[in-house]
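Asker: First the structure, then my questions, so here it is.
The values are calculated or read from the model by the stated rules, or taken from the named source; none is laboratory data. On a predicted model such as this, the values are computed, not experimentally measured, just so you know. Cβ atoms come from the backbone with ideal geometry, glycine included; neighbour counts cover every protein chain shown.
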2 protein chains.
Amino acid sequence: MLTSAEWSESRLGYPFRDPALLDAALTHRSAGRGNYERLEFLGDAVLNFVVAVLVFQSYPDATEGDLSRYRAALVSGQTLAEIANEPGLGDQLRLGSGELKTGGFRRESILADALEALFGAIYLDGGPQAAQAVIQGLLTDRVAELPEAHELKDPKTRLQELLQGRGKPLPTYSVEDVSGEPHEHWFVASCDVEAYGLRERGEGTSRRRAEQAAAQRVLEALERQVD
Amino acid sequence: MLTSAEWSESRLGYPFRDPALLDAALTHRSAGRGNYERLEFLGDAVLNFVVAVLVFQSYPDATEGDLSRYRAALVSGQTLAEIANEPGLGDQLRLGSGELKTGGFRRESILADALEALFGAIYLDGGPQAAQAVIQGLLTDRVAELPEAHELKDPKTRLQELLQGRGKPLPTYSVEDVSGEPHEHWFVASCDVEAYGLRERGEGTSRRRAEQAAAQRVLEALERQVD
């Protein structure tokens, strides 16, 4: 099995000068002091900065709202966990026995946090250029694969913009049902678009989620009408 | 009157190579295209990164939660507007006629946004080290003057931690009155700490604000008891 230093050099392409920094970045708080929490704070800022520069340069005509959406998609917990899995970060983590038993090394939030900590450690070990090179290496393919900024908007916003673009009245939403215990409510909402005679339902753990799901179905129905 | 290039060199200590970048950073969207919105996105990321490094290095023993609170205090809209006012950024802004009439150059949010855009422009013009130098120059005194991380916590959190530290039961909050029109509600809340026979009231535009105000008064009363 690779040592963590060998792992970093071969899988991330970054050879640490100070192995203690790498060790801290790979140590979850459940394994005691010297863990990655401070490095995660730093690495989160490094990552947000590098990705801001990346999308700013990649999309010279995008508005600041679109740039924010591109960045949010690239630094989401889910994306970071996927990126952490590619070089097998989970196998390098040091976790306390409780987290080990419950499979913490596979948990999305822990993988994302440890990846950010690793970026912070690389910044401290090798400076801003080293951190930028590693982050860009991991993210460049994903920048190229980003959907249109428009598709990163939530369904209610997309539906509103589509109807406004066609000069039609806005959709109306209503909550049709709320069930379940308090704190475990389940919502059913509907979305009506009279101009096209469409009415779809959506469900979710909040009113907002139920409405978004309903709006998504209306969008899909509108796309079928156009086809 | 100074040109904007002279202003930047003399008041910020940064001579722009590309005056078009400086012009864009000083142009509000009300004055048309070529405005500072994209630069603000970039500059916000640069600022958050530089300040993260600054507090990380200044407070080697702070937890990640305390580092976040320090950073939030340094990059708040109010702090940024104060920093923007020191070199007279408002007088350099290009605003549309509507914003000019309503005094937009004095508005906190516009000053804060333009300052961030300026940091973004300096990053593009002179690289990360130039941006870091200007930001650190503007913020170093404020880092030294930061209150204890503890004091940056909100009153309800501070009161809870104080009572837990003394092994006392937690405070109870109740809303005593809600008045005013919808969307302009005014809340009166009370905070009870039975262990010390204390009960204080607070008011505000939301339940949360009223409770925070009440907790703040209880904290002050507890401090008087100790003195």
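Asker: Look through B:65, B:127 and report the one residue that is within 11 Å of chain A (Cβ to nearest Cβ), more than 21 Å from residue B:142 (Cα to Cα) and not hydrophobic (A, V, I, L, M, F, W, C).
Answerer: Values: B:65 fails: more than 21 Å from residue B:142 (Cα to Cα).
The match here is B:127.
Asker: Filter the range B:66-111 for residues that are assigned to a loop (DSSP other than H, G, I, E, B) and closer than 30 Å to residue B:158 by Cβ; which is farthest from the chain's Cα centre (by Cα)? Reasoning before the result, please.
Answerer: Step one: of the range B:66-111, the residues assigned to a loop (DSSP other than H, G, I, E, B) are B:75-76, B:86-88, B:93, B:95-96, B:102-103, B:107.
Within this subset, residues satisfying the condition of being closer than 30 Å to residue B:158 by Cβ are B:75-76.
Working: B:75: 5, B:76: 1 Å.
Within the range B:66-111, the match that is farthest from the chain's Cα centre (by Cα) is B:75.
Asker: If residue A:147 meets every condition in (1) away from chain B (no Cβ under 12 Å); (2) in a helix (DSSP H, G or I) apart from one, which number is that one?
Answerer: (2)
Asker: Inspect all residues belonging to the range B:12-23 and state whether any of them is assigned to a helix (DSSP H, G or I), at pLDDT below 90, in the same structural domain as residue B:98 (by TED's automatic domain parsing) and under 20 Å from residue B:99 (Cβ atoms).
Answerer: no
Asker: Taking residue B:84, is it in contact with a strand residue (DSSP E or B) (Cβ under 8 Å, 6 or more places away or on another chain), touching a residue at least 24 places away in the same chain (Cβ under 8 Å) and more than 12 Å from every other protein chain (Cβ to nearest Cβ)?
Answerer: Numbers: in contact with a strand residue (DSSP E or B) (Cβ under 8 Å, 6 or more places away or on another chain): no; touching a residue at least 24 places away in the same chain (Cβ under 8 Å): yes; more than 12 Å from every other protein chain (Cβ to nearest Cβ): yes.
Spelling it out, it is not the case that residue B:84 is in contact with a strand residue (DSSP E or B) (Cβ under 8 Å, 6 or more places away or on another chain), touching a residue at least 24 places away in the same chain (Cβ under 8 Å) and more than 12 Å from every other protein chain (Cβ to nearest Cβ).
Asker: Looking at the range A:7-15, is at least one residue under 17 Å from the mean Cα position of the chain (by Cα) and farther than 28 Å from residue B:57 by Cα? Spell out the reasoning first.
Answerer: Initially, the range A:7-15 is screened for residues under 17 Å from the mean Cα position of the chain (by Cα), giving none.
No; the residues of the range A:7-15 include none that is under 17 Å from the mean Cα position of the chain (by Cα) and farther than 28 Å from residue B:57 by Cα.
Asker: Out of curiosity, is residue B:164 outside the structural domain of residue B:83 (by TED's automatic domain parsing), in a helix (DSSP H, G or I) and under 17 Å from residue B:212 (Cβ atoms)?
Answerer: On the way: outside the structural domain of residue B:83 (by TED's automatic domain parsing): yes; in a helix (DSSP H, G or I): yes; under 17 Å from residue B:212 (Cβ atoms): no.
Spelling it out, it is not the case that residue B:164 is outside the structural domain of residue B:83 (by TED's automatic domain parsing), in a helix (DSSP H, G or I) and under 17 Å from residue B:212 (Cβ atoms).
Asker: Can you tell me which residue in the range A:50-62 is nearest to residue B:56 (Cα to Cα), limited to those that are more than 9 Å from chain B (Cβ to nearest Cβ) and touching a Leu at 6+ places or on another chain (Cβ under 9 Å)?
Answerer: Going through the qualifying residues, I end up with A:54.
Asker: Give the residue that is farthest from the other protein chains (Cβ to nearest Cβ), with candidates limited to residues of the range A:95-124 that are within 17 Å of residue A:18 (Cβ to Cβ) and of a type outside the set (Gly, Ala, Ser). Write out each step before concluding.
Answerer: Narrowing the range A:95-124 to residues within 17 Å of residue A:18 (Cβ to Cβ): A:117-124.
Still in the running and of a type outside the set (Gly, Ala, Ser): A:118-119, A:122-124.
Numbers: A:118: 15, A:119: 11, A:122: 13, A:123: 8, A:124: 9 Å.
Looking at residues that are within 17 Å of residue A:18 (Cβ to Cβ) and of a type outside the set (Gly, Ala, Ser), I get A:118.
Asker: Those residues that are surrounded by fewer than 23 Cβ atoms within 10 Å (Cβ to Cβ), more than 8 Å from chain B (Cβ to nearest Cβ) and closer than 20 Å to residue A:128 by Cβ, I need them from the range A:24-49; list them, please.
Answerer: A:24
Asker: Can you find even one residue in the range A:126-140 that is touching a Pro at 6+ places or on another chain (Cβ under 8 Å) and either part of a helix (DSSP H, G or I) or surrounded by fewer than 17 Cβ atoms within 10 Å (Cβ to Cβ) (or both)? Outline the logic, then answer.
Answerer: Taking the range A:126-140 first, the residues touching a Pro at 6+ places or on another chain (Cβ under 8 Å) are A:128.
Subset that is either part of a helix (DSSP H, G or I) or surrounded by fewer than 17 Cβ atoms within 10 Å (Cβ to Cβ) (or both): A:128.
The answer is yes; a qualifying residue exists.
Asker: For the range A:68-80, check the following and say yes or no: at least one residue is farther than 18 Å from residue B:52 by Cα and within 9 Å of another protein chain (Cβ to nearest Cβ).
Answerer: The initial filter retains those residues of the range A:68-80 that are farther than 18 Å from residue B:52 by Cα, namely A:68-74, A:76-80.
When the remaining residues are screened for being within 9 Å of another protein chain (Cβ to nearest Cβ), the result is A:68, A:71.
Yes; the residues of the range A:68-80 include at least one that is farther than 18 Å from residue B:52 by Cα and within 9 Å of another protein chain (Cβ to nearest Cβ).
Asker: Residues in the range A:40-57: is at least one assigned to a helix (DSSP H, G or I), under 20 Å from residue A:114 (Cβ atoms) and modelled with pLDDT under 90?
Answerer: Here is the first cut: in the range A:40-57, the ones assigned to a helix (DSSP H, G or I) are A:40-57.
From the residues that got through so far, the ones that are under 20 Å from residue A:114 (Cβ atoms) too are A:40-51.
If we keep only those that are modelled with pLDDT under 90 too, we end up with none.
Taking every residue of the range A:40-57 in turn, none turns out to be assigned to a helix (DSSP H, G or I), under 20 Å from residue A:114 (Cβ atoms) and modelled with pLDDT under 90.
Asker: Look at residue B:118 and say whether it is assigned to a helix (DSSP H, G or I), more than 12 Å from the chain's Cα centre (by Cα), within 23 Å of residue B:45 (Cα to Cα) and not small (Gly, Ala, Ser). I'd like the intermediate steps shown before the answer.
Answerer: On the way: assigned to a helix (DSSP H, G or I): yes; more than 12 Å from the chain's Cα centre (by Cα): yes; within 23 Å of residue B:45 (Cα to Cα): yes; not small (Gly, Ala, Ser): yes.
Yes.
Asker: Can you find, within the range B:50-62, the residue that is nearest to the chain's Cα centre (by Cα) among those that are more than 13 Å from residue B:139 (Cβ to Cβ) and surrounded by 17 or more Cβ atoms within 10 Å (Cβ to Cβ)? Steps first, please.
Answerer: Taking the range B:50-62 as the starting set, the residues that turn out to be more than 13 Å from residue B:139 (Cβ to Cβ) are B:56, B:59-62.
Adding the requirement that they be surrounded by 17 or more Cβ atoms within 10 Å (Cβ to Cβ) leaves B:56, B:62.
On the way: B:56: 18, B:62: 20 Å.
Going through the qualifying residues, I end up with B:56.
Asker: Return the only residue of A:140, A:172 being within 29 Å of residue A:83 (Cβ to Cβ) and of a type in the set (Ser, Thr, Tyr).
Answerer: A:140
Asker: Another question, then. Could you please give the count of residues in the range B:140-197 that are over 28 Å from the mean Cα position of the chain (by Cα) and of a type in the set (D, E, K, R)?
Answerer: Final tally of qualifying residues: 7.
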